[in-house]
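The values are calculated or read from the model by the stated rules, or taken from the named source; none is laboratory data. The structure presented is a predicted model; accordingly, all values stated were derived computationally and were not measured. Neighbour counts run over all protein chains shown; Cβ positions are idealised from the backbone, glycine included. The area values use the complete protein model at the heavy-atom level, side chains included, leaving out ligands, DNA and RNA. Shrake-Rupley method; radii C 1.70, N 1.55, O 1.52, S 1.80 Å.
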Amino acid sequence: MARIRLFIDHPLGTGQPVPLDAAQAHYLGGVMRLSPGAVIEVFNGRDGAWSARIASAGKRGGSLDVLEQTAPQRNPPDLWLVFAPIKKARTDFIVEKAAEMGAARILPVQTEFTNSERIRQDRLQAHAVEAAEQCGGTFVPAIADLAPLPRLLDGWDASRRILWADEAMAGPADTLAGLPRGPWAILIGPEGGFSDAERARLRALPFVNRISLGPRILRADTAAVAALALWQAALGDW
Ligand code: SAH
């Protein structure tokens, strides 16, 4: 059985005692049925992975003793995913898959045709943590709060290029091979696509590259995974 992994927002080092909150202690003791003495793997998103022994796990919390480092810290390339949230289950899917695919930061954005006006940032962050726990990752992408697209673009740092997946470009897929390396953000629209005004603004920005994701129109969640794969293969760490 694969070793149980837990994200802990606490410094990690040999001999370091680490407190468990009630939910973590319940997960280890109540759900996974582990007893004191059992060894699990922990990571905090900064210090790699470590083995740790359960010292106690009760109703109100518990603690771990950190043993030794089992894997170095591995951070993804400097790639952000900017996407318009869609229905709850599909938004969860996008966050989970983006964490698995190696997005460094995930930014939900409100576009003209975005249906949802709110997101549960804490819930989405928990999905990113769970994806890292399950995939052996040591990094957890931060999920930003929902921001309107115009405001995001107003404050945009022009040294971060935007790879804009535009459904109006549907056709032979683009190769990203000629594009410069460095900081990037992928932009995926909502089920309704981008408006004419949004399209005009994006086309006028010098740091935006408009791309096709092939001849078929993809749903937003599929488009996000496809764009992440294209970028990772051409400019990332694949
Ligand atoms: N309702 C729109 C489709 C939106 S698809 C229409 O019928 O035209 C949702 C998002 O996925 C799009 O905004 C775009 O970012 C991305 N997307 C889907 N298929 C794509 C393709 N073939 N090329 C580029 N982007 C695509």
So which residues in segment 165-191 are open to solvent by 60 Å² or more (accessible area, probe 1.4 Å), touching a residue at least 12 places away in the same chain (Cβ under 8 Å) and more than 9 Å from the ligand (Cβ to nearest atom)? P172, T175, A177, P180, R181
Sole miss for L34 among (1) of a type in the set (A, V, I, L, M, F, W, C); (2) in contact with a helix residue (DSSP H, G or I) (Cβ under 6 Å, 6 or more places away or on another chain); (3) in the same structural domain as P180 (by TED's automatic domain parsing) is condition (3)
Name the pairs whose Cβ atoms lie under 9 Å apart, with the first residue in segment 78-94 and within 22 Å of E198 (Cα to Cα), the second aromatic (F, W, Y) and surrounded by fewer than 22 Cβ atoms within 10 Å (Cβ to Cβ), and 6 or more positions between them or separate chains? A84/F113
If you scan segment 192-216, which residues turn out to be away from the ligand (no atom under 12 Å from the Cβ) and basic (K, R)? R201, R203
Test: residue in segment 3-10 that is touching a residue at least 40 places away in the same chain (Cβ under 8 Å), more than 19 Å from Q134 (Cα to Cα) and among the β-branched types (V, I, T): no
If R219 satisfies every condition in (1) open to solvent by less than 60 Å² (accessible area, probe 1.4 Å); (2) touching a helix residue (DSSP H, G or I) at 6+ places or on another chain (Cβ under 8 Å); (3) within 15 Å of the ligand (Cβ to nearest atom) but one, which is the exception? (1)
